[in-house]
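The values are calculated or read from the model by the stated rules, or taken from the named source; none is laboratory data. Here the structure is a predicted model, which is why all the values come from computation and not from measurement. Cβ coordinates were reconstructed from backbone atoms using ideal geometry, including for glycine residues, and neighbour counts include every protein chain displayed.
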Amino acid sequence: MFEIIFLGTSASAPSVRRGLSAQMIKHDEYRFLIDCGEGTQRQILTAGIGFKKLNNIFITHGHLDHILGLAGLLSTFMRWETIDNLQIYGPRSALERIDDLLTRVVLRGATPPMPLSLIPIVPGPFFEGEDFTVSAFPVRHRASESLGYLFEEKARRPFLAERADALGIPPGPVRRELVEGKAVKLEDGRVVRPEDVLGEERRGTRLMHVGDCGEVDSLVDLAREADGLVIEATYLEEEREMARQYSHLTARMAAELALKAGVKQLYLTHVSRRYREKDILAEAQAVFPAAVVARDLDSFSVKRVE
């Protein structure tokens, strides 16, 4: 399971109720901040998340409304908060801009308060936890070098408690070893193999995150059967030509992607203050009923759907 907390959901400029782009993805003890628009650190505090374990930041692209908050975040770390290390991942061109922002504006010759790494990534897997991976994929957005991120739990074979009960396997370490794929010997001398108590392999939860984006055809296969899709809905269909001109999506385009890819739940963000939320939602749900328009500080659990 993944949890996503929307810290900023406005497009290009903040509104009274919406801050600039930032989302937090949580999985067990891991936290990943995706983008860091201006004001993100205040949203982190308002959400009650705090800065603990905020070691990994993923940047979708280098436009200012997605990175300016990094300056304030690092400035706060220099004065009040301490973390062991900070890794910022993203396209090389975005990291070059971030490097200018942090080293020339914030640090100005000072030493970062923690080991700070700017890590350029290319499409493909780049982060691995014990039971999940994160992969990057290319996204088309104007002339920028842009990436999206796919969070995937590793496939696993479920433990069938009823089979274990029938075999007289006691609760505790013995069952844990079977889950880990080890054969065990019971007190009565019987040997139980993992396949005796494990079901068929099942895929894990898939959460796909797309930042600013100008087209969806290249994303259909990547989004196939995703349990959750986070994507922009900057415009309404009535201004589709403006969306094309600025390389953004309409709510309908995002919904059509979710429908074609068989996505289970659609989360719309990066919305323009020129529209009413209910109009964005109506346009998306007319195509894909399982759509929501995320608001700042909304939190959702994303689980594997059968």
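Brief remarks on what is shown
- Residues that are loosely packed, with under 15 Cβ neighbours inside 10 Å, of a type outside the set (Gly, Ala, Ser) and outside any loop (DSSP other than H, G, I, E, B) within segment 139-162 comprise 156, 162, listed in sequence order.
- Selection from segment 82-98 of residues that are of a type outside the set (Ser, Thr, Tyr) and closer than 21 Å to residue 51 by Cα: 83, 84, 85, 86, 87, 88, 90, 98
- Inspection of segment 227-236 finds a residue satisfying the criterion of being surrounded by 15 or more Cβ atoms within 10 Å (Cβ to Cβ), of a type in the set (Ser, Thr, Tyr), under 27 Å from residue 12 (Cβ atoms) and under 21 Å from the mean Cα position of the chain (by Cα).
- Segment 151-181, residues that are in contact with a Gly (Cβ under 7 Å, 6 or more places away or on another chain) and acidic (Asp, Glu): 152, 153
- Filter result (surrounded by 22 or more Cβ atoms within 10 Å (Cβ to Cβ) and either assigned to a strand (DSSP E or B) or free of Cβ contacts under 8 Å to residues at least 40 places away in the same chain (or both)) within segment 18-49: 22, 23, 25, 32, 33, 34, 36, 37, 38, 40, 41, 44
- The one condition from (1) closer than 14 Å to residue 78 by Cβ; (2) surrounded by 18 or more Cβ atoms within 10 Å (Cβ to Cβ); (3) of a type in the set (Gly, Ala, Ser) that residue 94 does not meet is (1).
- As a summary of the residue check, residue 215 satisfies the conditions (1) in the same structural domain as residue 134 (by TED's automatic domain parsing); (2) assigned to a loop (DSSP other than H, G, I, E, B); (3) without any contact (Cβ under 8 Å) to a residue 60 or more places away in the chain; (4) over 21 Å from residue 3 (Cα atoms) except for the one numbered (3).
- Residues satisfying the stated conditions in segment 254-287, i.e. within 21 Å of residue 299 (Cα to Cα), buried (at least 21 other Cβ atoms within 10 Å of the Cβ) and of a type outside the set (Gly, Ala, Ser): 263, 266, 267, 268, 269, 270, 271, 280
- Top-ranked residue of segment 188-212 - restricted to ones that are part of a loop (DSSP other than H, G, I, E, B) and within 24 Å of residue 9 (Cβ to Cβ), ranked as farthest from the chain's Cα centre (by Cα): 212
- Residues of segment 194-213 that are surrounded by fewer than 23 Cβ atoms within 10 Å (Cβ to Cβ) and modelled with pLDDT under 90: 194, 195, 196, 198, 199, 200, 201, 202, 203.
- Those residues of segment 50-80 which are in contact with a helix residue (DSSP H, G or I) (Cβ under 9 Å, 6 or more places away or on another chain), surrounded by fewer than 22 Cβ atoms within 10 Å (Cβ to Cβ) and either in a loop (DSSP other than H, G, I, E, B) or touching a residue at least 60 places away in the same chain (Cβ under 8 Å) (or both), in sequence order: 50, 51, 54, 62, 63, 68
- Cβ-Cβ contacts under 6 Å between residues 6 or more apart (or on different chains), taken from a first residue in segment 239-253 that is buried (at least 22 other Cβ atoms within 10 Å of the Cβ) to a second residue that is among the basic types (Lys, Arg) and assigned to a helix (DSSP H, G or I), are listed as 250/240.
- Matching option when the condition is assigned to a strand (DSSP E or B), at pLDDT 95 or above and touching a Gly at 6+ places or on another chain (Cβ under 9 Å), among 94, 136: 136
- Boolean, residue 165 is in the same structural domain as residue 270 (by TED's automatic domain parsing), acidic (Asp, Glu), assigned to a helix (DSSP H, G or I) and surrounded by fewer than 20 Cβ atoms within 10 Å (Cβ to Cβ): no
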